[in-house]
Number of protein chains: 2
Amino acid sequence: MPKVGMEPIRRAALVQATIDEIGASGSLDVTVSQIAKRAGMSSALAHHYFGGKEQIFLAAMRHTLAVYAAEVRGALGMADSPRTRIEAIVRAGFGTTNFRREVVSAWLNFYVLAQTSGEAGRLLNVYQRRLHANLLYNLRPLVGDKAEEVAQRIGGLIDGIYLREALGTKTTNGSKATAMVLAALDLELGQGK
Amino acid sequence: MPKVGMEPIRRAALVQATIDEIGASGSLDVTVSQIAKRAGMSSALAHHYFGGKEQIFLAAMRHTLAVYAAEVRGALGMADSPRTRIEAIVRAGFGTTNFRREVVSAWLNFYVLAQTSGEAGRLLNVYQRRLHANLLYNLRPLVGDKAEEVAQRIGGLIDGIYLREALGTKTTNGSKATAMVLAALDLELGQGK
DNA sequence: TTTTTTGTTGATTGACGAGTCAATAAACAA
DNA sequence: TTGTTTATTGACTCGTCAATCAACAAAAAA
């Protein structure tokens with residue numbers, strides 16, 4: 001049965017299974033066996049390819065962050081003004097790829113992981129800094145030296161909406177969430193009332 | 001050594017130790033033994049008084065929420081206008097009692113717990129609903145029928161700032177956090193620019 | 001004083017899970 | 001063909017942990 005060149009396929013399957021399993025169970029308390037089973041292989045194979053549980057988690061996190069980053073980059077490419085670029089960032093964050101319940105739940109758990117795993121913390125920091133830098137850069141032409149605090153508020157609001165989605169009371173769909181942040185943005189830009 | 005009337009003391013010690021332990025370790029992966037040790041007793045005694053780990057967690061969560069609620073209630077009592085009442089809510093949330101790193105970390109983990117434990121989810125829902133209702137009620141006289149969406153945004157921002165504190169990059173102190181939310185509030189009330 | 005209730009723990013049980021290993025098998029290289 | 005690399009797993013080890021239990025101690029009730 002053994003084919004050759006399985007490694008990348010297995011790795012990808014494990015990464016996806018990890019995100020799904022964490023998302024579905026809503027907790028980092030998933031066993032390697034569960035993940036491996038979902039990915040259609042034995043737990044021994046998971047260990048073979050990744051070496052250990054932590055590395056599986058980190059790979060899953062990297063993937064999640066990479067998908068998000070790619071989405072943002074793609075959206076930014078289509079935008080040509082500061083305002084539309086900020087909109088792009090927001091829309092990408094709440095797009096259907098990232099804003100499904102399981103994915104958000106996985107995110108939340110990555111935040112928890114970041115509290116104990118140095119590497120996970122570093123990864124999350126990179127994401128946060130990038131988001132902040134993006135917002136800041138595009139806000140500067142719009143609000144000048146207020147950009148820093150505005151970026152802080154918009155970024156905080158985005159994270160907060162994610163958190164609330166994870167708890168999952170209100171089934172805020174993505175476009176509603178986007179609208180909420182953009183409304184706040186309008187206010188910040190002094191166009192609202 | 002056994003004194004009488006220990007039950008409430010032991011329970012309180014265990015609850016506090018649970019919060020501290022979760023906060024310190026940044027994870028729900030704390031053992032009953034760790035908690036019991038921190039509270040100065042054997043793990044068997046912890047089981048004796050609470051019956052099981054989950055119930056210890058729930059008691060700790062109830063306590064955290066109760067402390068928060070008490071703080072808000074206290075602050076509200078001193079305020080007499082909608083605007084100051086909203087300020088009171090915000091200030092209470094970021095007061096020194098609730099906004100210490102370990103406590104915030106414990107909160108974050110309670111969010112995770114809420115994803116798997118029905119009872120924990122219910123508790124957190126009560127808190128969220130209460131916060132929302134408080135904001136809504138006091139925003140109504142200030143912004144009329146926009147109150148709903150404004151409450152959503154302010155509440156989201158509060159949660160987001162908590163989340164960022166948990167990650168702990170920026171050591172946002174409480175007053176800075178308060179200022180940030182109040183600035184957003186001013187914008188919403190159309191007084192900013 | 002005896003009995004019961006309350007407080008307390010060390011030792012044990014039973015389950016579960018991460019990680020290892022030896023064995024098997026297909027593909028590929030020599 | 002034969003040896004080597006890659007893929008794969010079932011079985012096993014070792015540790016950990018929640019939960020239980022038997023036993024002991026002190027206070028209160030009888």
Within region A:120-174, how many residues are closer than 12 Å to A:G93 by Cβ, of a type in the set (G, A, S) and in contact (Cβ under 8 Å) with a residue 60 or more places away in the chain?
1
The lone exception for B:A69 - which of (1) near DNA strand C (Cβ under 10 Å from one of its atoms); (2) touching a Lys or Arg at 6+ places or on another chain (Cβ under 9 Å); (3) over 26 Å from A:V30 (Cα atoms); (4) small (G, A, S) it fails:
(1)
Tell me, yes or no, whether region B:98-106 has at least one residue that is under 10 Å from the mean Cα position of the chain (by Cα), within 13 Å of another protein chain (Cβ to nearest Cβ) and surrounded by fewer than 23 Cβ atoms within 10 Å (Cβ to Cβ).
yes
Matching residues in region B:1-40 (away from DNA strand D (no atom under 12 Å from the Cβ), part of a loop (DSSP other than H, G, I, E, B) and surrounded by 17 or more Cβ atoms within 10 Å (Cβ to Cβ)) number 2
Taking only pairs six or more apart or across chains, which ones have beta-carbon atoms under 7 Å, a first residue in region B:41-61 that is touching a residue at least 40 places away in the same chain (Cβ under 8 Å), and a second residue that is outside any helix (DSSP H, G or I) and near DNA strand D (Cβ under 7 Å from one of its atoms)?
none
For region A:19-32, state whether one or more residues are within 13 Å of DNA strand C (Cβ to nearest atom) and away from chain B (no Cβ under 14 Å).
yes
Would you be able to say whether some residue in region B:66-88 is farther than 30 Å from B:K176 by Cα, open to solvent by less than 60 Å² (accessible area, probe 1.4 Å) and modelled with pLDDT of 95 or more?
no
Out of the residues in region A:41-53 that are farther than 24 Å from A:A114 by Cβ and not in a helix (DSSP H, G or I), which is most open to solvent (accessible area, probe 1.4 Å)?
A:S42
List the number of the failed condition for A:A92; all other conditions in (1) more than 23 Å from A:N173 (Cβ to Cβ); (2) away from DNA strand D (no atom under 16 Å from the Cβ); (3) assigned to a helix (DSSP H, G or I) hold.
(1)
Out of region A:108-126, which residues are more than 7 Å from chain B (Cβ to nearest Cβ) and within 16 Å of B:W107 (Cα to Cα)?
A:F110, A:L113
Considering (1) open to solvent by less than 10 Å² (accessible area, probe 1.4 Å); (2) at pLDDT 95 or above; (3) within 10 Å of chain B (Cβ to nearest Cβ); (4) under 24 Å from B:A184 (Cβ atoms), say which one A:A177 fails and leave the rest.
(2)
Failed criterion for A:A39 (all others in (1) within 24 Å of B:D29 (Cα to Cα); (2) within 16 Å of DNA strand C (Cβ to nearest atom) hold):
(1)
So how many residues does region B:41-56 have that are within 14 Å of chain A (Cβ to nearest Cβ) and more than 10 Å from DNA strand D (Cβ to nearest atom)?
0
Quick one: is A:F110 away from DNA strand C (no atom under 16 Å from the Cβ), of a type outside the set (S, T, N, Q) and outside any helix (DSSP H, G or I)?
no
Regarding B:H63, is this residue in a helix (DSSP H, G or I) and within 16 Å of DNA strand D (Cβ to nearest atom)?
no
Provide a single number: the residues in region B:127-170 that are away from chain A (no Cβ under 12 Å) and open to solvent by 50 Å² or more (accessible area, probe 1.4 Å).
7
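The values are calculated or read from the model by the stated rules, or taken from the named source; none is laboratory data. Given the structure is predicted, the values throughout are model-derived calculations rather than measurements. Glycine also receives a Cβ, built like all others from the backbone with ideal geometry; neighbour counts cover every protein chain displayed. Heads up: the accessible areas ignore ligands, DNA and RNA and are worked out on the full protein's heavy atoms, side chains in. Shrake-Rupley method; radii C 1.70, N 1.55, O 1.52, S 1.80 Å.
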